[in-house]
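Just below is one structure, and these are the notes that go with it.
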Amino acid sequence: MKLKDVDTKILVGLMKNSKISDRKLADSIGVSQPTVTRRRAKLEKELSFEYTVIPDFAKLGMKIMAFHFTSWKPEAFETLSQKKDFQKKVAEYISGQPNMIFASTGQGLGMSRMGITLHKDYSDFVAFKTRMETDWGSYMTKYETFIVSLKSDKVKRPLTLKYLADYITSI
């Protein structure tokens, strides 16, 4: 879907404040409220986006955000059927990890997969990492993690999509 200028303005407005009313959003971007309502519904359907809250995870008791990087052994599955079965098994495993907030394929650092998890403390992180190594170690060539303290006063930009809204308007 190629976004029209008004769609981009609506999307950016919603990324900055998802609770904004259609009327206020319409006023801020210079279109009618029915236009915003109609275009928002179309965007919700075609872009499959959902509304959610991104809380301050530290205030919820999460002390660590961990970035997990892995690379699978090519010999872990020999046929396409085995690969599909393996991918299904991975998807099922990920869906059973409520503290995993993102997982994807990718490339960089010699790795081909990555995930982001949240943990209440270091012991919880170590337990998760140990389970990953136990459950999947025989399939991985590499497994590295990078952890971030969410309690640190060194966080330079909290996790939010507000900043991305400004980037979208610049492209």
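Miscellaneous remarks
- Residues of type aspartates and glutamates that LYS42 reaches as a straight line, Cα spacing below 16 Å, ignoring anything fewer than 8 places off in the same chain: ASP5, ASP7, ASP22, GLU50
- Prolate/oblate/rounded call for region 77-171, Cα gyration tensor, a/c under 1.5 rounded: oblate
- Ordering ARG157, ARG23 by the number of other Cβ atoms within 10 Å of each residue's own Cβ, fewest first, gives ARG157, ARG23.
- The residue among THR160, SER170, THR35 whose Cα reaches farthest toward the positive pole of the charge dipole of the chain, with charges on the beta-carbon of Lys, Arg, Asp and Glu, is THR35.
- Restricting attention to region 57-149, lysine pairs at least eight places apart or on different chains and with alpha-carbon atoms under 29 angstrom apart total 24.
- Exposed loop sites are taken as GluC sites (Glu not before Pro) in a DSSP loop (any state but H, G, I, E or B) with at most 12 other beta carbon atoms within 10 Å; the longest stretch of the chain without one runs 79-171.
- Here is how the number arises for the chain: DSSP H runs of 4 or more residues each give -39500 (n - 2.57), the sum is divided by the residue count, and the result at 222 nm is -13500 deg cm²/dmol.
- About the centre of its Cα atoms, region 1-129 shows a dipole size close to 380 debye [charges on the beta carbon of Lys, Arg (+1) and Asp, Glu (-1) only; nearest 20 debye].
- Total charge dipole magnitude, region 16-59, about the Cα centre, Cβ charges on Lys, Arg, Asp, Glu only, Debye to nearest 20: 120 debye
- Exposed-loop-free span, longest in the chain, where chymotrypsin sites (Phe, Trp or Tyr not before Pro) count as exposed if DSSP calls them loop and at most 15 other C-beta atoms lie within 10 Å: 52-171
- Amide H to amide H, with H built 1.01 Å from N, THR141 comes under 5 Å of SER71, TRP72, LYS73, counting only residues 5 or more places away or on other chains.
- In order along region 109-125, the phi-based Karplus estimate (6.51 cos²θ - 1.76 cosθ + 1.60, θ = phi - 60°) of 3J(HN,Hα) comes to 6, x, 10, 10, 9, 8, x, 10, 10, 10, 9, 6, 6, 5, 4, 5, 4 Hz; Gly and Pro are listed as x.
- Nearest-0.05 FRET efficiency for ILE101 and THR134, computed from C-beta distance (R0 22 Å): 0.50
FYI, it's all coordinate maths here, none of it is from the lab. Everything numeric in this text was worked out from a predicted model, so none of it was measured. Every residue, glycine as well, gets a Cβ built from its backbone with ideal geometry; the counts of neighbours run over all protein chains shown.
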